[in-house]
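Here the structure is laid out as structure tokens; the discussion comes afterwards.
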Amino acid sequence: MNLLSSANRKAIIEQLDNQHFDLAVIGGGITGAGIALDAASRGLKVALIEKNDFASGTSSRSTKLIHGGLRYLKQLEIGLVREVGQERAIVHQLAPHLVIAEKMLLPLIEGGTLGKIGTNLALMVYDFLAGVESEDKRKMLSAEETKTLEPLLRDDILKGGGFYAEYRTDDARLTIEIIKKAAEYGAISLNYVKAENFLYDESQKVKGLSCLDMDNGERFNIHCDYVVSAAGPWVDKIRKVDQSLTGKHLFLTKGVHLVVPHERLPLRQSVYFDVPDGRMIFAIPRHKITYIGTTDTPYDGDINHILTNQEDADYLLKAVNNMFPTVQLNNDDVISSWAGLRPLIHEEGKSASELSRKDEIFESPTGLISIAGGKLTGYRKMAERVVDEVAERYEAAGKGQLQACHTNQIDLGGGPFDHGAAVEAYAQQVSQQVQKAGLPESTARYLVYNYGKQSAQILEDLRSYPDDVVVALARAELKFCIEKELTLKPADFFSRRTGRLYFDIQSIRPVLSAVLDDFQNTFGWTQEQYEQEKSYIEQSMYEAANFEYSKMAKPS
Ligand code: FAD
């Protein structure tokens, strides 16, 4: 049975309900996905449930960089920088179409966070810890060279620049590809299933989950030997259900990104720059848009519904206008945004920005293992640590010997590609096909950098739709995402499978009704469900483009 088709949802739930698993994972963000792949590839029988869509939590709201975290050097987090720095090249190798080399420009300004010597030293250590080689090593630039690379930078305070290697990604697509790869190793993962409670044996050890199907309200159980909670910002809520929320706990901080059309902030180059309050933020050009972020503020609101507010927007717009004075952005330039929560570990007396980004594993007396903190970039190593812990218990119980972690050898879906240049060559090939089909050349890059070689399937299917080619493309993508990527709702499709909500929000309206019709036909929605889903996606578009309803009236 195809375990990745939402059309098989009922049968997938039957399998979750009827089988016995070695490991059940709560949470389908990057951490849970990484754990499912690591565990399944070592030989464990794995179930993973996600209460919303995969990556709908923090894992679709990051800065979307696979980076070593230069700023953590200032906090002397050497171990963290070394680990995530080294992971960058590995994750790039596993999915070159999803993790793309991206040079970062760090302008040196009067009164900036690090002076010239400090920046040079920090970048040198950064390269050394991450094992960066040859032409990828950092370069220090003069003010003129810096300005040539990025002419929009203000020159009155510019002293020079640092130019160094990072990678960018699409966090949600990376998560989905890991979920898909875990399925190849037999893991059964399902979205829209909430872990409501734990099942315990007579010695009060966790032996399963009682689950709620969020799609139809039905309940079922998952029976297993071990449970890992990778619930990100919800980790403490789950520990509370297990009555094991003692000792260390989470501290949530909100991070916001704004999206503007590329022509309003026409950067040639990704830039990591100083904000007058002493923090640093990114501005990253990406096809039709440039995005800017992030903020870092303590959060105690609703963790299921995080919105950008005017204060967040003001902070980021002011920072951009300060560093790129010729653009003068305002609210009306913002076409989309996203806000997410960092599940950090509380430390007495430290501010949001000072808190460590290191991951931590909590073990409850009931046997529940929880993991929180960490970075998108470090997902593979976090997974290795958690599964090592499970493997130890498995082996101690005399269940056999598991393989060692080898996820550094497991290519993610969409490839294989030997390196970034091979992806670009493939995009050239696809470019001819899309132009022949009547689509703009840029569609080739959109497809290849989202789906890799799976683009071929989408282009093949496109021919079977009689519609205008733009609509036909969306319908072919939807077919692929429903059948191969467990897409159940329009927001899954527009936000986490295609990235359109953030990177090309204007592309949604012209295809919306055809996409909704296809959903209705595939899943047999009633007219009431159709209207509900339509209004949900419209609300999501509205919220992305308007900060807490301050820019304009709500749609009726
Ligand atoms: P999540 O993605 O939040 O996943 C947890 C999941 O658990 C959620 O999907 C949730 O729905 C699910 N869940 C909760 N309760 C239940 C339940 N009862 N039953 C079933 N499922 C449940 N890292 C980088 O490496 N690079 C960056 O550029 C970067 N930028 C960032 C920028 C911002 C603003 C933020 C906030 C973070 C950034 N990070 C970055 C960090 C990174 O995004 C996170 O470390 C990572 O996404 C956390 O993933 P996770 O899987 O642990 O949590």
Hits in segment 156-175 - residues which are within 12 Å of the ligand (Cβ to nearest atom) and open to solvent by less than 20 Å² (accessible area, probe 1.4 Å): Glu166, Thr169, Asp170, Asp171, Ala172, Leu174, Thr175
State whether one or more residues within segment 314-322 are under 18 Å from His257 (Cβ atoms) and among the acidic types (Asp, Glu). yes
Among the residues of segment 23-44, which ones are hydrophobic (A, V, I, L, M, F, W, C) and either more than 11 Å from the ligand (Cβ to nearest atom) or part of a helix (DSSP H, G or I) (or both)? Leu23, Ile30, Ala33, Ile35, Ala36, Leu37, Ala39, Ala40, Leu44
Somewhere in segment 31-44, is a residue open to solvent by 20 Å² or more (accessible area, probe 1.4 Å) and farther than 23 Å from Gln269 by Cα? yes
Just to be sure before I move on: is His97 more than 16 Å from the ligand (Cβ to nearest atom), in contact (Cβ under 8 Å) with a residue 60 or more places away in the chain and buried (at least 24 other Cβ atoms within 10 Å of the Cβ) in the structure I sent? yes
Condition check: within 30 Å of Ile303 (Cβ to Cβ) and among the acidic types (Asp, Glu). Does Glu87 satisfy that? yes
If a residue must be within 14 Å of the ligand (Cβ to nearest atom), on the phi < 0 side of the Ramachandran plot and open to solvent by less than 30 Å² (accessible area, probe 1.4 Å), how many such residues does segment 225-235 contain? 7
Scan (1) more than 11 Å from the ligand (Cβ to nearest atom); (2) under 27 Å from Leu23 (Cα atoms); (3) touching a residue at least 24 places away in the same chain (Cβ under 8 Å) for the single condition Ala283 breaks and write down its number. (2)
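The rows are residues; the columns are (1) open to solvent by 30 Å² or more (accessible area, probe 1.4 Å); (2) without any contact (Cβ under 8 Å) to a residue 60 or more places away in the chain.
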residue: Ser364; (1), (2): no, no
residue: Leu368; (1), (2): no, no
residue: Gly374; (1), (2): no, no
residue: Lys381; (1), (2): yes, no
residue: Arg385; (1), (2): yes, yes
residue: Ile410; (1), (2): no, no
residue: Ala421; (1), (2): yes, yes
residue: Glu424; (1), (2): yes, yes
If a residue has to be among the charged types (D, E, K, R) and under 13 Å from Leu48 (Cα atoms) to count, how many in segment 182-212 make the cut? 1
Any chance you could count how many residues in segment 499-556 are among the polar types (S, T, N, Q), outside any helix (DSSP H, G or I) and at pLDDT 95 or above? 1
What residue, among those in segment 50-73 that are in contact with a strand residue (DSSP E or B) (Cβ under 8 Å, 6 or more places away or on another chain) and among the polar types (S, T, N, Q), is farthest from the ligand (Cβ to nearest atom)? Ser60
Spot the failing condition for Gly79; the list is (1) touching a helix residue (DSSP H, G or I) at 6+ places or on another chain (Cβ under 6 Å); (2) assigned to a helix (DSSP H, G or I); (3) away from the ligand (no atom under 14 Å from the Cβ), and only one is missed. (1)
Do you know which of the residues in segment 237-271 that are charged (D, E, K, R) and closer than 30 Å to Leu199 by Cβ is farthest from the ligand (Cβ to nearest atom)? Lys248
If we scan segment 146-160, do we find a residue that is farther than 28 Å from Val81 by Cβ and among the aliphatic types (A, V, I, L, M)? yes
Considering only segment 134-155, state which residues are part of a loop (DSSP other than H, G, I, E, B) and crowded, with 18+ Cβ neighbours inside 10 Å. Arg138, Glu150, Leu152, Leu153
Selection within segment 82-104 - among the small types (Gly, Ala, Ser) and either outside any helix (DSSP H, G or I) or over 18 Å from the mean Cα position of the chain (by Cα) (or both): Ala95, Ala101
When you go through Ile238, Ile306 one by one, which is the residue that is part of a loop (DSSP other than H, G, I, E, B) and open to solvent by 20 Å² or more (accessible area, probe 1.4 Å)? Ile306
Could you tell me which residue of segment 176-214 is least open to solvent (accessible area, probe 1.4 Å), considering only residues that are in a loop (DSSP other than H, G, I, E, B) and away from the ligand (no atom under 13 Å from the Cβ)? Ala187
Might you let me know whether segment 115-133 holds any residue that is part of a helix (DSSP H, G or I) and either within 15 Å of the ligand (Cβ to nearest atom) or touching a His at 6+ places or on another chain (Cβ under 8 Å) (or both)? yes
For Ala47, the lone unmet condition from (1) surrounded by 23 or more Cβ atoms within 10 Å (Cβ to Cβ); (2) within 11 Å of the ligand (Cβ to nearest atom); (3) not charged (D, E, K, R); (4) not in a helix (DSSP H, G or I) is (2)
If Thr297 satisfies all but one of (1) β-branched (Val, Ile, Thr); (2) within 13 Å of the ligand (Cβ to nearest atom); (3) open to solvent by less than 20 Å² (accessible area, probe 1.4 Å); (4) without any contact (Cβ under 8 Å) to a residue 60 or more places away in the chain, what's the number of the condition it fails? (3)
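The values are calculated or read from the model by the stated rules, or taken from the named source; none is laboratory data. Since we're looking at a predicted model, the values are computed, not measured. For neighbour counting, all protein chains shown are included, and Cβ atoms are generated from backbone atoms with ideal geometry for every residue, glycine included. With ligands, DNA and RNA removed, areas are computed over all heavy atoms of the protein, side chains included. Shrake-Rupley method; radii C 1.70, N 1.55, O 1.52, S 1.80 Å.
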